[in-house]
Amino acid sequence: MPHILRSSMDLPLGIAEVFHFFSNASNLERITPSELGFQIITPPPIAIAEGVNIDYRLLLFGWPFIWQTKITHWDPPRQFVDEQIRGPYKLWIHTHRFSEKNGTSTIEDEVQYQLPLWPVGEVAYPLIGIQLQRIFRFRAHAIRSILLGTLPESAG
């Protein structure tokens, strides 16, 4: 059964600067919680473009995984999509959208995902859903901290 996770945040920055940050694959390690042990194993530099595969190593609930994604859509500075080719999910399609209005950029993430081993895998959905929401909250705080050099008051 497919699930959808949505996340959105605004930054007082231009779209070009925000998209530039996301177009650097190494920044993904910087915005991922450390307990996931997230590492990009594709040798740098990685020139992000449609058709590029990127390999990662991470821990999910203590289990090590190799995760491979492919950039299936690349439309700078408005949007890009990465899809899991190999990894812990049956389906993972992450759409990143960027827009700008009056000097404020909006970052929107939409993840379509499906847990493995259906229907048994659905038993883990509540736990996985909470974990994904926590990861995306961490990402938002990390992005804000890195790009603005500060954390929002509510994160302290």
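The values are calculated or read from the model by the stated rules, or taken from the named source; none is laboratory data. Just so it is clear, the model here is predicted, and its values are computed rather than measured. Positions of Cβ are generated from backbone atoms using ideal geometry, with glycine treated the same way; all protein chains shown enter the neighbour counts.
Here is a check on your reading of the model: is residue 122 more than 14 Å from the chain's Cα centre (by Cα) and of a type in the set (Asp, Glu)?
Details: more than 14 Å from the chain's Cα centre (by Cα): yes; of a type in the set (Asp, Glu): yes.
So residue 122 fits the description; yes.
Take the stretch 20-56 and flag every residue that is more than 18 Å from residue 93 (Cα to Cα) and over 16 Å from the mean Cα position of the chain (by Cα). Show your work before the answer.
Step one: list which residues in the stretch 20-56 are more than 18 Å from residue 93 (Cα to Cα), which gives 20-21, 24, 26-27, 29-31, 33-47.
Hits for the stretch 20-56 are 41, 42, 43, 44, 45, 46, 47.
Can you tell me which condition residue 117 does not meet? The list is (1) part of a helix (DSSP H, G or I); (2) exposed (fewer than 12 other Cβ atoms within 10 Å of the Cβ), and all the others hold.
(1)
State all residues of the stretch 129-147 that are over 15 Å from the mean Cα position of the chain (by Cα) and at pLDDT below 95; if no residue qualifies, say none. Show your work before the answer.
Narrowing the stretch 129-147 to residues over 15 Å from the mean Cα position of the chain (by Cα): 130, 145-147.
Across the stretch 129-147, the qualifying residue is only 130.
Given (1) among the β-branched types (Val, Ile, Thr); (2) out of contact with any Leu (no Cβ under 9 Å at 6 or more places or on another chain); (3) assigned to a helix (DSSP H, G or I), where does residue 4 come up short, assuming only one miss?
For residue 4, the failing item is (3).
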